[in-house]
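Heads up, the thing below is written out as structure tokens.
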Amino acid sequence: MENKMFCYQCEQTAGCTGCTGNAGVCGKSANTARLQDELTGALIGLARAAEGNEHLVTEEMNQLVLEGLFTTVTNVNFNDETLKILIYKIENAKKKLVPNCFTCSGSCGRNDNFDMNTLWTTDEDVRSLKSLILFGIRGMAAYAYHASVLGYTDETISKFFYKALFAVGMKDWGMDELLPIVLEVGEVNLRCMELLDQANTTTYGTPIPTTVPLTIEKGPFIIITGHDLKDLQLLLEQTKDKGINIYTHGEMLPAHAYPEFKKYSHLKGNFGTAWQNQQKEFDNIPGAILYTTNCLMPVKASYADRVFTTEVVSYPEMVHIGEEKDFTPVIEKALALGGYTKDQHMTGINGGMQVTTGFSHGTVLSVADQVIEAVKNGDIKHFFLVGGCDGARVGRNYYTEFVKQSPADSIILTLACGKYRFNDLDLGTIGGLPRIMDMGQCNDAYGAIKVAIALAEAFECDVNELPLSMVLSWYEQKAVSILLTLLYLGIKNIHLGPTLPAFISSNVLNFLVENYGISPISTPEEDLKKLLNK
């Protein structure tokens, strides 16, 4: 029976093998999935056209590549019409690079768009490596997009997107040609995350530890979700003195730690937990919701009239805020809804009424002497990086139990939305340092890498020799790009869950196990015992 669609890029893909029916687990229709494949094929066609014509490539084309790749990240775009418009723009960009190809009667096919069906049906090892490249650059494009919004770009990063797309479209390449590019994705993504870190901290300051309440005060309010700090800044500016409170949601939580945002008194706190709970948490809320990046789930009728999208996020029939960034419709909806009539004392999933964020690499490294001394005198015996994407699959309570059972002489570093499984827990302190340190968004993974490298330098050892263990959760493609960066850096013995990626073939998995010691999570008890005795 012929598949109506094929997609296996997220952790929750059907049967841990791939979504093939009328719709994906994420909620995208088969037609939307096919259009996203067509969009990817057009991007590969653009990369082919750029080969030998690099001098004709413009910043506008580079931005179009970012937008096209970011659009195909899970939970970004569910709108067929906006996908068609983007495909049209990419086709026009290609015409500017190879205008003669559109009047030529030859059949060389050099600049044709790529048929993604040939990828999904090819040799499984080739498909696996090409998927790692493709999904990795999709995640990296999200980071590069956020940096570009703040005016930060890098020609090396821009050029690599074309190189990687070109490689995905090469029909006769095997493991020898593809594996180096897989690791190069990790290398370039490290630079990309560094660029984004520079963009965020230069623009908004170095994050500082900040306690964020989960209570929603009475009165009109807007929830802003996603990752884009620029959108938050613009929304805060446009809502000043309007009697509207602003609450972060999901990956926007770490914004509270940036000094630049602390001057806005109406940025009150955080609403709810991670992205996969939004259909329940947003049900009939008397406030407006602004989606800025990925994290969008199919919208329920009970709150559809109060959902707004911007940037690359798109959903049928939802009001979209365009490039002019006029948030008046969002503001008017919040005022009309009026908010709660009395304060709502909400909690995290473990019952906590507040969470703490802001332990960026700048903050952690500013007390490096204190940390190093605590390790030397035995107060801190182990560091665990427990973080990554959250999701709805059964088994993710593993991360909650892992943190709860972690020894009292260990530090939990965390980042991304996976932290909502345990970030409202109070695990106490070690030598004045909190045992749970939230380093920020998935976009801030660079900070965790920088801390690990700094500790290795301080103890004059390799990162793999540190009393540091990485227990990561993954859901979408930004997690893939981060994993590839860790592999590029030679970091070994990563525990990954709740399941291993469906796009990793047996041979590629064996390569990762043999060379990097990657292993699936088992139980908190077994993994803690193993990691503490390594």
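The values are calculated or read from the model by the stated rules, or taken from the named source; none is laboratory data. Remember, predicted model here, so these are calculated numbers, not experimental data. We place every Cβ from the backbone using ideal geometry, glycine too, and count neighbours over all the protein chains shown. The protein model used for the area step is the full one, side chains on, heavy atoms only, and it has no ligands, DNA or RNA in it. Shrake-Rupley method; radii C 1.70, N 1.55, O 1.52, S 1.80 Å.
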Notebook entry, point to check: Hey, does the range 465-479 have a residue that's over 19 Å from G387 (Cα atoms), of a type in the set (A, V, I, L, M), open to solvent by 20 Å² or more (accessible area, probe 1.4 Å) and modelled with pLDDT of 95 or more?
Noted result: no
Margin query: When you scan the range 201-212, do you find a residue that is closer than 30 Å to K242 by Cα, surrounded by 23 or more Cβ atoms within 10 Å (Cβ to Cβ) and touching a Gly at 6+ places or on another chain (Cβ under 9 Å), even just one?
Written below: yes
Next item on the list: Please enumerate the residues belonging to the range 400-449 that are at pLDDT 95 or above and acidic (D, E).
Entry: E401, D409, D424, D426, D438
Check: In the range 62-77, how many residues are open to solvent by 10 Å² or more (accessible area, probe 1.4 Å), more than 15 Å from the chain's Cα centre (by Cα) and either modelled with pLDDT under 95 or of a type in the set (A, V, I, L, M) (or both)?
Finding: 1
Next item on the list: Consider D326 carefully, then state whether it is part of a loop (DSSP other than H, G, I, E, B), open to solvent by 30 Å² or more (accessible area, probe 1.4 Å) and farther than 30 Å from S29 by Cβ.
Entry: yes
Check: Conditions: (1) under 22 Å from T347 (Cβ atoms); (2) modelled with pLDDT under 95. K376 meets all but one. Number of the miss?
Finding: (1)
Notebook entry, point to check: List the pairs whose first member sits in the range 261-279 and is without any contact (Cβ under 8 Å) to a residue 60 or more places away in the chain, whose second member is assigned to a helix (DSSP H, G or I) and surrounded by fewer than 17 Cβ atoms within 10 Å (Cβ to Cβ), and whose Cβ atoms are under 9 Å apart, counting only residues at least 6 apart or on separate chains?
Noted result: Y264/E237
Item checked: helices (runs of 4 or more DSSP H) enclosed by the range 432-534 - at least 2 residues per element that are over 18 Å from the mean Cα position of the chain (by Cα) and closer than 27 Å to Y258 by Cα -> 445-458
Next item on the list: Confirm whether I157 is touching a helix residue (DSSP H, G or I) at 6+ places or on another chain (Cβ under 6 Å), farther than 24 Å from L486 by Cα and either modelled with pLDDT of 95 or more or charged (D, E, K, R) (or both).
Entry: no
Notebook entry, point to check: Are any residues in the range 332-359 open to solvent by less than 50 Å² (accessible area, probe 1.4 Å), within 27 Å of the chain's Cα centre (by Cα) and more than 17 Å from E281 (Cα to Cα), and if so, which ones?
Noted result: V355, T357, G358, F359
Check: Restricting attention to the range 161-180, and to residues there that are open to solvent by less than 50 Å² (accessible area, probe 1.4 Å) and outside any helix (DSSP H, G or I), which single residue is farthest from V76 (Cα to Cα)?
Finding: G174
Item checked: Residue that is more than 27 Å from T210 (Cβ to Cβ) and crowded, with 24+ Cβ neighbours inside 10 Å, where the choices are V299, V312, V307, V319 -> V312
Next item on the list: Take S158 and decide whether it is open to solvent by 10 Å² or more (accessible area, probe 1.4 Å) and among the hydroxyl-bearing types (S, T, Y).
Entry: yes
Notebook entry, point to check: Yes or no: K342 outside any loop (DSSP other than H, G, I, E, B), closer than 18 Å to Y247 by Cβ and touching a residue at least 12 places away in the same chain (Cβ under 8 Å)?
Noted result: no
Next item on the list: Would you point out which residue out of V367, V394 is surrounded by fewer than 22 Cβ atoms within 10 Å (Cβ to Cβ), at pLDDT below 95 and within 30 Å of E526 (Cβ to Cβ)?
Entry: V394
Item checked: Filter result (closer than 26 Å to Y258 by Cβ and in a helix (DSSP H, G or I)) within the range 354-398 -> H361, G362, T363, V364, L365, S366, A368, D369, Q370, V371
Next item on the list: Only helices (runs of 4 or more DSSP H) wholly contained in the range 15-113 count here; list those with 2 or more residues that are under 29 Å from Y475 (Cβ atoms) and of a type in the set (G, A, S).
Entry: 30-50
Item checked: Subset of the range 499-510 [touching a helix residue (DSSP H, G or I) at 6+ places or on another chain (Cβ under 8 Å) and hydrophobic (A, V, I, L, M, F, W, C)] -> L500, A502, F503, I504, V508
